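Let me begin by presenting the structure, written as structure tokens, before commenting on it.
The values are calculated or read from the model by the stated rules, or taken from the named source; none is laboratory data. Only a predicted model underlies this, so the values are computations on that prediction, with no experimental measurement involved. When we count neighbours, we look across all protein chains shown, and the Cβ atoms used for this are built from the backbone with ideal geometry, even at glycine. Each accessible area value is taken on the protein alone, full model and side chains, heavy atoms only, with ligands, DNA and RNA left out. Shrake-Rupley method; radii C 1.70, N 1.55, O 1.52, S 1.80 Å.
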Amino acid sequence: MDKIKAAEAAMADGSLAPFAGPVVKDDGTELAAAGTNLTDEQIWSMDWQVQGIVTPLPK
């Protein structure tokens, strides 16, 4: 629980970016290069999986 609270606090203060690049979609499209982060708009509109994830998205 302590690790969860610490990660939550770090995301809130901006010191942890959970969607830091490189972020590559399952079709090979790079959305965030190394050293960059996904934008809020990209995060909120996610309808894809990252490369390497094989579990189907819920419909």
Carbon + sulfur, % of accessible area of the chain - ligands and nucleic acids excluded, 1.4 Å: 57
Residue among 55, 33, 9 farthest towards the positive dipole end of the chain, charges placed on Cβ: 55
Point-to-point label distance, residue 40-residue 13, nm (Cα→Cβ direction, 7 Å offset): 2.1
Two-decimal Rg/Rh across the chain, once Rg and the Kirkwood Rh are taken from alpha-carbon atoms: 1.03
Heavy-atom accessible area per residue - the chain, 1.4 Å, Å²: 82
Per-residue SASA entry for residue 46, accessible area with 1.4 Å probe, Å² rounded to 10: 70
